[in-house]
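J.: After the structure tokens below, expect a handful of questions from me.
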Amino acid sequence: MKHAGLVARMSLEEKAAFVAGDGFWHTRTLPALGIPSAYMTDGPHGVRSPAEPGKSSDFGALLESTAFPTASLLACSFDISLLEEEGRALAEESRERGVALLLGPGANIKRSPLCGRNFEYFSEDPHLSGALAAAWIRGLQSGGVGASLKHFAANNQEKGRMIVDALVEPRALREIYLASFEEAVEGGRPASVMCAYNKLNGSYCSENGFLTREVLRKDWGYEGFVVTDWGASADRIKGLEAGIDLEMPESLPPKAIAVAAAVRAGTLDHRLLDESVDRLLDFVLSSPVVREGPGPSFDRRAHHELARRLARESIVLLKNEGGLLPLAKDRKIGLVGELARTPRYQGAGSSFLKPTRLESLVGALEEGGHPFDFAPGYRIDRELPEPSLVSEALALARRVHAEGGTLVVAVGLTELLEGEGFDRSHLRLPDNQADLLPQLAAACPSLVALYVGGSPVETTWLAEVPAFLVSYLGGQASGAAQVDLLYGDHNPSGKLAETWPLRLEDTPSHGNFPGRDRRVLYKEGLFVGYRWYSSARRAVAFPFGAGLGYAPFAYSEPALSATLLAPGRELRVSFTLENRGARRGKEVAQAYLSFPDSALERPGLALAAFSKFELAAGERRRVELVIDTRALRHWDEKEGRFAFEGGRVLVHVGGSSADLPLKLALTLEGEPLPPSDLPRLDLGKHPSELSDADFAARLGLPLPPPRTLEPFGSDSLLVDLGRASRLVSLFTKVMVAVSARSSGARRGSPNYRMVEEMIAETPLSRLVGLSEGRLSPGLAAALVELAKGRPLAALGRLFGGGDSS
Ligand code: BGC
């Protein structure tokens, strides 16, 4: 322990209280011992700054901060140094506000494009996700502010996030879901890791000793502290046993009494409590922000410009037939789409920010002096087409066509369709947009579609659209960045960090997302995202890694640093990259591995290295990608460790997972493996067709039985109790309204919906702690009795208090 002397001076009660927060955003202070408090807030796309950080979450009274592009867009930069730069800027903003710990980044894997929180995550690929998260952390922490890497682990959906049991087989867990965190932890050394709400293989992440003690601390050598996600703590004693150091937020009634009693009774080893106190103390006492207090003001203008640059380096050009883009600067364009005027630039939920400035596409065109005529075309507060808006937009499209001009159409997901706390149920654009787009294309074939949204949509209309640009949720300067690219002031260089599928049914998790009966079966195993499409040879709308620029790049003359490689040694692949265009540009070169003779189940391709290179027009350059030894390993479930399989390995290099012109072979030294006796996924079928029995064999665990709703008890959800009792359902509505009002979430807004889902879907025992006193243990027990149809017992509970089990 680093602070053994200080820990020894704390009483048991002080220690038990110290391992839980003070209010919503602070650690506890112990003035008599000279222990100050540390302030933390969300993350990750800016510094969410409640005007008065206190007891509750807040969406209303926020101070202004720069809204940088969301992770979904930033990941498309594939640019490590850019992420570091963002981290440094976030540190400046944090320090102005006295924030010692910024809650981010999110390194969860995008298992399904339906996940409502995908905008906050980087990729479907663990290496890309982990490397970018590590860069963000390094940048932030170089400015003296701690990061909190989240949500550890397998938090890949919002539906049922408080209760769902993610069932993930060992190889998929280690090679995909944990690998993203592993690279972020090892490459970034975050001050803290935040455990997820859900269960993993039968145990809540907030009390999962396998995750925290074995994987995080023992396997990865992690020395920072672990904090619960807000309200994730189910059984705090088990949590401390598992090595979860800090419970957030402060729960009411506090669990400190129970923690101290458990130590006294010898049911919780006092050394475990001491170790948690020590790890937390270490952060608080070594934080420069805690020591020095709020720092100087950050440069608003410079950070806005950075937000613009980050967006511009990340926006992805996916189609550009006939060189429709870039647009001619002096020619008037037609612009359709309410989203061009009322931009979506961030996601809803805990990462919600009040920006310092906001540039829409309409505003940025005006500012840049680009002539255009505008028609909104559709409303964003409803999905049904509005005939007057449709005819106005079509008239504009016809006029533009008659004048030989180009029409730019902004389409995308509206804010009620995605956000923290809920998932989408389909991949379509809102009806009013999906109907309008083909009509506009028929009226004006020279059409550029510009997409905004946190996650992919089905692009059934793509054949009629010659140019397509994907801007995701691009932050407060996204309008200006879009203009930079549309008019060619900058050459697009973003590449997709996730596959755009043709249809929802094609996605490998389909049929097992979001699961049911409180469990979700990850039947697709290792075959997440492009690993599935490339192995099963399924067509997609746009492959992982794809993206165009205004200058084409060519790859040639590949060479490997070794053709016989010892396990554990890094590998380098060099090649000639040529900019064959007439303008300077950047190219994200990618190297993938395949294992053609493997005895193991292996994806057809796995990203092993990437780098972004800038080349002048016509330039040819020899470049190199470094393949980390991690890319060559697999998880050996029998031995419980990573291992290397001897044999042939192919290295594929190119500009996307579906465009890999260079191929080289090497031999990895070592023994070939005997074939695994586990049932395999049949690549000719959809992963959902794997039987439960075969899945259980791969999982190495019996499947937990589906959870029945009854008997009702402290683990029940208000949504379930409400189905049995009208009074409970009424109570839930009131509680949602009161909580939303106190946190400033407007009715009808996505933040309101998050509050609603959170209240309806958090087990009662945890909701009590989160409710800031609105739901007492006695009231919770009374609600359970009401749902059981026992009003008298409910009264007894209400006035006698108590246990609802
Ligand atoms: C989210 C976390 C966030 C925390 C604090 C939770 O609901 O899942 O990502 O950091 O709230 O706002």
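J.: Are any residues in the range 273-302 among the charged types (D, E, K, R) and closer than 13 Å to Phe225 by Cα, and if so, which ones?
T.: Asp274, Glu275, Asp278, Arg279, Asp282
J.: Which members of the range 1-28 meet the condition of being within 16 Å of the ligand (Cβ to nearest atom) and either in a strand (DSSP E or B) or open to solvent by 10 Å² or more (accessible area, probe 1.4 Å) (or both)?
T.: Of everything in the range 1-28, those that are within 16 Å of the ligand (Cβ to nearest atom) and either in a strand (DSSP E or B) or open to solvent by 10 Å² or more (accessible area, probe 1.4 Å) (or both) turn out to be Ala20, Asp22, Phe24, His26.
J.: Give just the number: which of (1) open to solvent by 10 Å² or more (accessible area, probe 1.4 Å); (2) within 11 Å of the ligand (Cβ to nearest atom) does Arg48 not satisfy?
T.: Going through (1) open to solvent by 10 Å² or more (accessible area, probe 1.4 Å); (2) within 11 Å of the ligand (Cβ to nearest atom) one by one, Arg48 breaks only (1).
J.: Still on this structure, please answer the following. Are there helices (runs of 4 or more DSSP H) fully within the range 709-805 with at least 1 residues that are within 23 Å of Phe422 (Cβ to Cβ) and free of Cβ contacts under 8 Å to residues at least 60 places away in the same chain? List them.
T.: Answer list for the range 709-805: 718-724, 726-743, 750-760, 764-770.
J.: Test Val623 against the stated conditions and say whether it is surrounded by 14 or more Cβ atoms within 10 Å (Cβ to Cβ), among the hydrophobic types (A, V, I, L, M, F, W, C) and either without any contact (Cβ under 8 Å) to a residue 40 or more places away in the chain or assigned to a strand (DSSP E or B) (or both).
T.: Answer is yes for this residue.
J.: Check Gly106, Gly143 and return the single one that is small (Gly, Ala, Ser), farther than 19 Å from Cys76 by Cβ and in contact with a helix residue (DSSP H, G or I) (Cβ under 8 Å, 6 or more places away or on another chain).
T.: Gly143
J.: Failed condition for Gly655, given (1) open to solvent by less than 40 Å² (accessible area, probe 1.4 Å); (2) within 29 Å of Trp220 (Cα to Cα), with all others met?
T.: Result: Gly655 passes all but (2).
J.: Can you tell me which residues in the range 630-641 are crowded, with 16+ Cβ neighbours inside 10 Å and farther than 23 Å from Ala75 by Cβ?
T.: Matches in the range 630-641: Leu632, Arg633, His634, Trp635, Asp636, Glu637.
J.: Which of (1) part of a helix (DSSP H, G or I); (2) of a type outside the set (D, E, K, R); (3) closer than 30 Å to Gly744 by Cα is the odd one out, the single condition Leu396 does not satisfy?
T.: All conditions pass for Leu396, except number (3).
J.: Of Gly43, Gly54, Gly60, which residue is open to solvent by 10 Å² or more (accessible area, probe 1.4 Å), within 25 Å of Gly479 (Cα to Cα) and within 15 Å of the ligand (Cβ to nearest atom)?
T.: Just one listed residue meets the conditions, Gly60.
J.: Quick one: count up the residues across the range 591-620 that are buried (at least 19 other Cβ atoms within 10 Å of the Cβ) and over 30 Å from Ser676 (Cα atoms).
T.: Residues that pass the stated criteria total 2.
J.: Is it the case, given these coordinates, that Glu182 is open to solvent by 40 Å² or more (accessible area, probe 1.4 Å) and more than 25 Å from Ile257 (Cα to Cα)?
T.: Considered against the rule, which asks whether it is open to solvent by 40 Å² or more (accessible area, probe 1.4 Å) and more than 25 Å from Ile257 (Cα to Cα), Glu182 comes out as no.
J.: Tell me, yes or no, whether the range 754-769 has at least one residue that is at pLDDT below 95, within 16 Å of the ligand (Cβ to nearest atom) and in contact with a Lys or Arg (Cβ under 7 Å, 6 or more places away or on another chain).
T.: Checked against the condition, which is being at pLDDT below 95, within 16 Å of the ligand (Cβ to nearest atom) and in contact with a Lys or Arg (Cβ under 7 Å, 6 or more places away or on another chain), the range 754-769 yields no hits at all.
J.: How many of the residues making up the range 29-59 are among the hydroxyl-bearing types (Ser, Thr, Tyr) and in a strand (DSSP E or B)?
T.: 3
J.: Just to verify a result, which residue in the range 29-40, among those that are open to solvent by 20 Å² or more (accessible area, probe 1.4 Å) and within 29 Å of the chain's Cα centre (by Cα), is nearest to the ligand (Cβ to nearest atom)?
T.: Residue satisfying both the conditions and the ranking: Tyr39.
Residue-by-condition table, conditions (1) open to solvent by 20 Å² or more (accessible area, probe 1.4 Å); (2) outside any loop (DSSP other than H, G, I, E, B); (3) free of Cβ contacts under 8 Å to residues at least 40 places away in the same chain; (4) in contact with a Phe, Trp or Tyr (Cβ under 8 Å, 6 or more places away or on another chain):
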position: Glu524; (1), (2), (3), (4): no, no, no, yes
position: Phe527; (1), (2), (3), (4): no, no, no, no
position: Arg538; (1), (2), (3), (4): yes, no, yes, yes
position: Phe544; (1), (2), (3), (4): no, no, no, yes
position: Tyr555; (1), (2), (3), (4): yes, yes, no, yes
position: Pro558; (1), (2), (3), (4): yes, yes, no, yes
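J.: Also, quick follow-up: Enumerate the helices (runs of 4 or more DSSP H) found wholly within the range 70-156, keeping only those where 3 or more residues are over 11 Å from the mean Cα position of the chain (by Cα) and away from the ligand (no atom under 16 Å from the Cβ).
T.: 80-96, 126-142
J.: Output the qualifying pairs, or none if there are none: Cβ atoms under 7 angstrom, residues six or more apart or on different chains, first residue in the range 566-587 and under 30 Å from Ala643 (Cα atoms) and at pLDDT 95 or above, second residue assigned to a loop (DSSP other than H, G, I, E, B) and open to solvent by less than 30 Å² (accessible area, probe 1.4 Å).
T.: The qualifying pairs are Leu571/Ala562.
For every residue, the table says whether it meets (1) touching a Ser or Thr at 6+ places or on another chain (Cβ under 9 Å); (2) of a type in the set (Val, Ile, Thr); (3) more than 25 Å from Leu678 (Cα to Cα); (4) surrounded by fewer than 20 Cβ atoms within 10 Å (Cβ to Cβ).
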position	(1), (2), (3), (4)
Val164	no, yes, yes, no
Cys195	yes, no, yes, no
Cys205	yes, no, yes, no
Asn208	no, no, yes, no
Ile237	yes, yes, yes, yes
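J.: Restricting attention to the range 234-255, which residues are at pLDDT below 95 and either small (Gly, Ala, Ser) or away from the ligand (no atom under 14 Å from the Cβ) (or both)?
T.: Ala234, Asp235, Ser251, Leu252, Pro253, Pro254, Lys255
J.: Quick check: anything in the range 169-176 within 16 Å of the ligand (Cβ to nearest atom) and open to solvent by 30 Å² or more (accessible area, probe 1.4 Å)?
T.: No, that holds for no residue.
J.: For the subset of the range 578-620 comprising residues that are of a type in the set (Gly, Ala, Ser) and assigned to a strand (DSSP E or B), which member is nearest to Leu560 (Cα to Cα)?
T.: My answer is Ala591.
J.: Further question: Would you mind stating whether Thr212 is away from the ligand (no atom under 16 Å from the Cβ) and open to solvent by less than 10 Å² (accessible area, probe 1.4 Å)?
T.: So Thr212 fits the description; yes.
J.: Let me ask something else about it. Taking Ala107, is it open to solvent by less than 10 Å² (accessible area, probe 1.4 Å), at negative phi and not polar (S, T, N, Q)?
T.: yes
J.: Can you pull out the residues in the range 720-744 that are within 26 Å of the chain's Cα centre (by Cα) and at pLDDT 90 or above?
T.: Val736, Ser739, Ala740
The values are calculated or read from the model by the stated rules, or taken from the named source; none is laboratory data. Here the structure is a predicted model, which means the values were calculated and not measured. Here Cβ is always computed from backbone atoms with ideal geometry, including for glycine, and neighbour counts include all displayed protein chains. Ligands, DNA and RNA are excluded from the accessible area calculation, which covers all protein heavy atoms including side chains. Shrake-Rupley method; radii C 1.70, N 1.55, O 1.52, S 1.80 Å.
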